[in-house]
1. Out of region 216-270, which residues are among the aromatic types (Phe, Trp, Tyr) and out of contact with any Lys or Arg (no Cβ under 9 Å at 6 or more places or on another chain)?
2. Taking interchain pairs and intrachain pairs at least six residues apart, which have beta carbon atoms under 6 angstrom, with the first residue in region 299-326 and assigned by TED's automatic domain parsing to the domain that holds Ser362 and the second surrounded by 15 or more Cβ atoms within 10 Å (Cβ to Cβ) and aromatic (Phe, Trp, Tyr)?
3. Show the residue pairs meeting these rules: Cβ distance below 7 Å; 6+ apart or different chains; first residue within region 152-168 and in contact (Cβ under 8 Å) with a residue 12 or more places away in the chain; second residue hydroxyl-bearing (Ser, Thr, Tyr) and assigned to a loop (DSSP other than H, G, I, E, B).
4. If I filter region 205-258 down to residues being in contact with a Ser or Thr (Cβ under 6 Å, 6 or more places away or on another chain) and under 30 Å from Pro166 (Cα atoms), which single residue comes out as modelled with the lowest pLDDT?
5. Yes or no: Thr57 under 19 Å from Val88 (Cβ atoms), modelled with pLDDT of 90 or more, hydroxyl-bearing (Ser, Thr, Tyr) and surrounded by fewer than 17 Cβ atoms within 10 Å (Cβ to Cβ)?
6. Which of the residues belonging to region 41-61 are in contact (Cβ under 8 Å) with a residue 60 or more places away in the chain and assigned to a loop (DSSP other than H, G, I, E, B)?
7. Please determine, by comparing only the residues of region 86-99 that are closer than 21 Å to Thr45 by Cβ, surrounded by 17 or more Cβ atoms within 10 Å (Cβ to Cβ) and touching a Gly at 6+ places or on another chain (Cβ under 6 Å), which one is modelled with the highest pLDDT.
8. Just the residues that are small (Gly, Ala, Ser) and within 26 Å of Ala440 (Cβ to Cβ), please, taken from region 368-415.
Amino acid sequence: MRDSAILIGTLAVLLTACEEWRRDRIGGVVFINDLGAAGITVSITIQSRGTRTETVTDATGAFQFPEVDGEDVYILAVLLAPPNIEFVENNIEVLANNTRRDPASPDDKFTYVEFRGYTPTTVNGTVSWTESEAGVAGVPVQLNGLEATITDANGSYVFQDVGVVPLAAPTGTVDRTKHHLEIVPPAGMKGIGSTYAVVRVRGRPVRQDFILRFEPASASISGSVLADAQPVAGAEVEFILGAWRKATTTSSDGTYRFGSMPLGQASLTLVRFPANLYAFSSPTQAVTVTPNSYIVVDFIGRLRSNNRPPVVTITSPATGMSVAQGSPVLFTATAEDPEDGTLPASALVWISVPGGQIGTGSGFLYTLPAVGNYRVTASALDSDGATGSASIDLQVVAATGAINGAVRLYNVGQAGVPVVLGGAATATTTTDANGNYSFANLAPGTYTVTIQHGSPWFTVKSQTVTVGPSQTVTVNFFAP
């Protein structure tokens, strides 16, 4: 009996130990942006029974479900996490007997599970041209084959709110933190290295740049910068095609060269040179770059020290002309420059002495204000700062008037009658054979006209009148 009791006790101990062995644990850690996250609610569901238990992660992000049946299948899920967090996997299915030993308790079985979530962030970068390091605008950029954008004027691109790779992404979902970027280079360009990149996004902004170069089927451009057939060394020439820019400087012989240039409609501009020494009338020239072409573009200017002034010709009015006071005068002129050609009308400035500036341009009307002598000068400035001019002399005379009339008795003209003018000016005349008289070239003013006739039938022998500029006043004496 004693042996039986001992055997029964031993079996009980063994059964208890076996039961304890079957009490497995499932646990793990919830990471957010690769740091353990506290206070996250995690649930475990027994698949066969549909029962669910919840727990909350500790300060290190760890959680644990003790005493689970090693033969059951369990589904773990993150139930409550901060907003805007995307998890690589939100539901994980485990079999408890697929275990590893707990290093802290080697006799226990422990199934370890990780949940990793990330804050959506940005993926950005630039697409640049290796020749000048300038950004390339308008380049398509794709993210995971689902989103697309194009580079801006500076060659920059950005994707906002990038979390984990969507399950629908055609690029695959082996690691949902790895995002696939691809660019489509413009015609005539190819990527240095690859136009494809994989970037890992884990809650922090990621930058990925791409560098392009031109394909061999491009062109070269060369030429010279000359002033009066003399080379201009150290001048800067800039090539511009859209957002692509490249500059070079002329050598000691005035030549420059661009190699492996992009294809398309571009421009060449002489952007820097000693402007105090040289002048160029066409500092920008258009070029069409075609495959495998060799283009020559020269910039031809002149030395400012050899510059000749413009020739100004006044075509109206003629010098020495007399102008009635108050009458508008038409002033016209042209300006021809030996280097610049016909100067624009705005280059002409008109100065009167006395009077100052009276106008600008190649033609206008102006009324000189007072009686007197005037010298009018038209001057023009060329692109090099040289001035040419021409002058005319004008005389402004008073705008005179006149008085005329007749002396008649019984409607018969009285010949030889003295007529006396008084007032603003004095004069005497006699009537002609028909009895008519006149006073010419009278300044504006008030005058008195008196006849000297002995007949008593002339009851009015004197009249007072006012003469205005260019006005003729009629004063008649009729009797009876």
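The values are calculated or read from the model by the stated rules, or taken from the named source; none is laboratory data. Nothing here was measured: the structure is a model prediction, and the numbers come from that model. Please note: Cβ atoms are built from the backbone with ideal geometry, for glycine as well, and neighbour counts cover all protein chains shown.
1. Hits for region 216-270 are Trp244, Tyr256.
2. none
3. Correct list of pairs: Tyr157/Thr151; Val164/Thr177; Val165/Thr173.
4. Ile211
5. Taking the combined requirement at face value, the residue does not satisfy it.
6. Answer for region 41-61, where residues must be in contact (Cβ under 8 Å) with a residue 60 or more places away in the chain and assigned to a loop (DSSP other than H, G, I, E, B): there is none.
7. Once the filter is applied, the top-ranked residue is Phe87.
8. Passing the criteria: Ala370, Gly372, Ala398, Ala399, Gly401, Ala402, Gly405, Ala406, Gly413, Ala415.
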